[in-house]
Structure formats: structure tokens, C-alpha cells
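Contents: one structure, followed by commentary.
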Amino acid sequence: MTFEILVVCTGNICRSPVAAQLLAAGLDRGGVRVTSAGVGAVVGSDIGEGMMDALGRAGVSAGSHEARQATEALIAGADLVLTMDTDQRSWTLGRVPAALRRTYTLREFALICGFLSESGEVNWPARLDDESRLEILMDLAGMQRGRFPAGPGFR
């Protein structure tokens with residue numbers, strides 16, 4: 001079983017692939033798959049050169065990337081959907097309303113995670129793999145929905 005994270009932006013050539021690469025680099029990768037897509041993707045395009053340089057400066061390899069369109073199947077198959085702004089979150093939920101409980105803007109999810117960490121609510125044994133931690137985090141994050149602003153997004 002794999003925990004699927006989908007990161008969504010507009011063209012899938014800047015923000016979402018970079019956020020996906022940075023997120024993946026921060027995980028042990030055991031049982032977690034991070035991908036990206038765009039609501040108006042420049043299908044088949046690579047990550048922009050400036051963003052590749054930024055990844056390199058962060059010590060993360062860009063790897064291979066081909067921009068792809070966010071689809072109902074991708075959204076429905078994700079355990080967590082992170083969008084770059086509220087418009088993309090609305091677009092995503094307009095296609096798959098059932099994804100509401102697992103779709104957040106990146107800002108909103110980061111604020112929730114920060115709160116949970118500072119409050120001590122996230123306190124799991126070090127032996128848990130990333131997949132198990134993310135499943136616990138999703139339950140805790142759902143209880144915090146609406147507590148933190150989803151926007152403004154990163155534009």
C-alpha cells in the first residue's frame with residue numbers, strides 16, 4: 001500500500017513539481033509517492049530552468065518531469081491533495097467533490113501541521129514509517145480544517 005500525495009498548480013512546470021520534489025526529498029519515501037499535475041498544464045513540458053536551478057541550490061535533484069493535466073482519476077486516487085492556491089483547490093473540488101476531506105492549499109496544510117507540531121498533538125514513535133505518519137496526520141488535520149486560512153495562495 002502506498003500513500004499518494006498529489007501537488008497541484010496551474011501549468012505543472014514551476015510550483016507543483018518543485019513542491020513535490022522538495023516534499024519527496026523530505027520523506028524517507030517508504031510507502032509514500034509524491035506526484036504533481038496542473039489545472040491548465042503545459043502538457044509534456046519540463047520544469048522551468050529557473051526552478052531547476054532553485055532545486056539544485058536546495059540540494060534536490062529535479063529528476064525527469066513531464067507536465068501533466070490534473071484529472072479526476074489523479075485526484076480521486078490521491079490520499080492527500082495539496083494545491084498552491086484557493087482557486088486550484090476550488091477547481092480540484094469542482095471535479096472531485098468527494099476529495100474535500102483530503103484537499104488543502106499548501107499554506108493551509110503547513111499551518112495545520114505547524115499547529116499540530118507546536119501543540120504536541122503529533123507525537124508518534126520514531127519507528128513509524130512515513131506512510132503511517134501521514135495517515136495519522138490526515139486524521140488530525142481533518143479535525144483542524146477551517147481553523148487556519150487557506151489563502152492567500154502563492155501567486
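Rule-based calculations on the coordinates, nothing more; no lab input. Computed from a predicted structure; not experimentally measured. With ideal geometry, Cβ positions are generated from the backbone for all residues, glycine too; neighbour counts draw on all protein chains shown.
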Quick one: dipole size for region 1-82, taken about the Cα centre, charges +1 on Lys/Arg Cβ and -1 on Asp/Glu Cβ, in debye to the nearest 20.
100 debye
If the viscosity is 0.692 mPa s and the temperature 37 °C, what Stokes-Einstein diffusion coefficient in µm²/s follows for region 1-137 when Rh is the Kirkwood radius over Cα pairs?
214 µm²/s
Taking the Cα-to-Cβ direction at Ser64 and at Thr86 and moving 7 Å from each Cα, how far apart do the two end points lie in nm?
4.0 nm
I'd like the distance between the alpha-carbon centres of region 84-135 and region 1-76, rounded to an integer number of Å.
17 Å
